[in-house]
Amino acid sequence: MAISFDSIGQECVTVQSSSISAGTPCKFSANGFVSACSDGDAFHGVAIKHASGLTTLAVHGFVTLPYSGAAPTVGYCALAAALSGKVKTLDGAKEYLVVDVNSADSTVTFLL
């Protein structure tokens, strides 16, 4: 039996944005507006869908994203945005509950 955390406890908001790809870590950059994060930024959510200038942003719940650099660790781990819509470990960043690290696919599943 496979274990899946996809969409468990997910809460989303709809906000304005320029074009953002699904799976991109995002930050609020103005009232009701989000933008993609730069390398090392704290992120407030993950884009789920974008259409017509609006983005559905997951702000709570489990998500799976690709990571770059050193593999995160299971348990509480400090994560920040990385280049190309990924996340990375970063000392001093906000800690998230990591429940799965797939080093073969370079993905991490964590609770926003």
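Under a plain spin-label model, where a point goes 7 Å from the Cα along Cα-to-Cβ, how far apart in nm are Leu54 and Leu83?
Result: 3.5 nm between the two label points.
Which whole-number value in Å² is the accessible area per residue of the range 1-108, probe 1.4 Å?
In whole numbers, the range 1-108 has 55 Å² accessible per residue.
How about Lys88: which aspartates and glutamates have a C-alpha closer than 16 Å to its C-alpha, ignoring those fewer than 8 places off in the same chain?
Candidates past the 8-residue exclusion: Asp39, Asp41, Asp100, Asp105.
Given the Cα atoms of the range 1-72, and with Rh set as the inverse mean 1/r over their pairs in the Kirkwood sense, what is Rg to Rh to two decimals?
In the range 1-72, Rg relative to Rh is 1.00.
Given Cα pairs under 8 Å that are at least 6 residues apart, what percent is the relative contact order of the range 19-89?
Rounded, it is 32 percent for the range 19-89.
Calculate log10 I(q)/I(0) of the range 37-112 for q = 0.15, 0.17, 0.24 Å⁻¹, where I(q) comes from the Debye formula with a single equal point scatterer on each Cα and nothing for solvent.
Results for the range 37-112 at q = 0.15, 0.17, 0.24 Å⁻¹ read -0.46, -0.59, -1.14.
Roughly how much of Asp105 is accessible, in Å² to the nearest 10, using a 1.4 Å probe?
100 Å²
The values are calculated or read from the model by the stated rules, or taken from the named source; none is laboratory data. Quick caveat, the model's predicted, so the values are computed rather than measured. Quick reminder, even Gly has a Cβ in these numbers, built from the backbone with ideal geometry, and neighbours come from all protein chains shown. We work out accessible area using only protein heavy atoms, side chains counted, and drop any ligands, DNA or RNA first. Shrake-Rupley method; radii C 1.70, N 1.55, O 1.52, S 1.80 Å.
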